[in-house]
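What follows is a single structure, written as structure tokens, with notes after it.
The values are calculated or read from the model by the stated rules, or taken from the named source; none is laboratory data. Computed from a predicted model, the values in this text were never measured in an experiment. Note that each Cβ is placed from the backbone with ideal geometry, even for glycine, and that neighbours are counted across all protein chains shown. Ligands, DNA and RNA are stripped out before the accessible areas are found, and what is left, the full protein with its side chains, is counted by its heavy atoms. Shrake-Rupley method; radii C 1.70, N 1.55, O 1.52, S 1.80 Å.
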Amino acid sequence: MILSYCLNPNCSEPQNHPSLKECQACGSPLILHNRYRSIKKIGKGGFGATFLGVDLSLPGNPFCVIKQLRPSSNAPEVFEMALELFEREAKTLGKIDHPQIPRLLDYFEEGKHFYLVQSLVKGRNLQQEVKQEGVFNESQGKAFLKEILPVLKYIHSLKMIHRDIKPA
């Protein structure tokens, strides 16, 4: 059974039965935008959190990634600035069409939080690869660069700067 995961950052018991529409612990909605259900937290950073989700509106309920962006303050001017930056980021992501980059599926604001929904890219990241297979030798390092550098070239050809590249 795949559980529902509450997206309220202050929820004390975020795991819920998948049939519920509201969190048992805090009462927050478990279905976003009448379409997406979070099932597991997969990351957390300074500006929000990332969750594995399912798209309930499509046949087979495919997996997706839900990124929740949280403004640092509840002040109205901070919220407006965050909304503007969020919409600009969503428009930028919407221009990207590359098989090695997750596709933007949706974006919306709900409950004073902003959400980006992207396609799920299956596979291991570099950190997981090195942990499982060991440190790359020279030829493996070159092969990795040959795989990743065309992606960066594509991003730069769109006059974009990728500010979220992590060593992993």
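Given a Förster distance of 41 angstrom, what is the FRET efficiency for Asn137 paired with Ser73, based on the Cβ-Cβ distance and rounded to 0.05?
Details: r = 48 Å, r/R0 = 1.17.
Working from the Cβ atoms, E equals 0.30.
Using the Cβ atoms and a cut-off under 12 Å, what net charge is assigned to the surroundings of Ile66, where Lys and Arg are +1 and Asp and Glu are -1? Local net charge: +2. Taking 0.36 nm per residue of separation and subtracting the current Cα-Cα distance, fully stretching the chain between Leu56 and Lys44 would add 1.9 nm. Apolar share of the accessible surface for region 23-100: 53 percent from carbon plus sulfur atoms, 1.4 Å probe. The residues packed around Asn34, meaning those with a beta-carbon under 15 Å from its beta-carbon, carry a net charge of -2 if Lys and Arg are +1 and Asp and Glu are -1. Looking at region 81-141, the chymotrypsin sites (Phe, Trp or Tyr not before Pro) that sit in a DSSP loop and have at most 15 other Cβ atoms within 10 Å of their own Cβ are Phe136. Once you sort the root eigenvalues of the Cα gyration tensor of region 112-161 as a ≥ b ≥ c, which label holds: rounded (a/c under 1.5), prolate (a/b larger than b/c) or oblate (the other case)? Taking the square roots of the gyration eigenvalues as a ≥ b ≥ c, region 112-161 is oblate. Listed options for volume of the Cα convex hull per residue in Å³ are (i) 108; (ii) 145; (iii) 194. The value calculated from this structure is the one marked (ii).
Could you tally the net charge around His17, taking each other residue with its Cβ under 15 Å from the Cβ of His17, Lys/Arg +1 and Asp/Glu -1? The partial results should precede the final answer.
Working: positive: Lys21, Arg37, Lys40; negative: Glu13, Glu22.
Net of charged neighbours comes to +1.
Checking understanding here: applying a Kyte-Doolittle mean of at least 1.0 and a length along the axis of at least 24 Å (C-alpha), which whole DSSP H helices in the chain pass? Present the calculation step by step, with values, prior to reporting the outcome.
Numbers: long enough: 76-94 (27 Å, -0.10); 138-157 (28 Å, -0.05).
Membrane-span-like by this rule: not one helix.
Between Leu158 and His98, the simple label model (points 7 Å from Cα in the Cβ direction) yields a spacing of 0.8 nm.
Going by the alpha-carbon gyration tensor, a ≥ b ≥ c the square roots of its eigenvalues, is region 45-124 rounded (a/c under 1.5) or, if a/c is not under 1.5, prolate (a/b greater than b/c) versus oblate? Let's see the in-between values first.
Numbers: a/c = 2.07, a/b = 1.70, b/c = 1.22.
Verdict is prolate for region 45-124.
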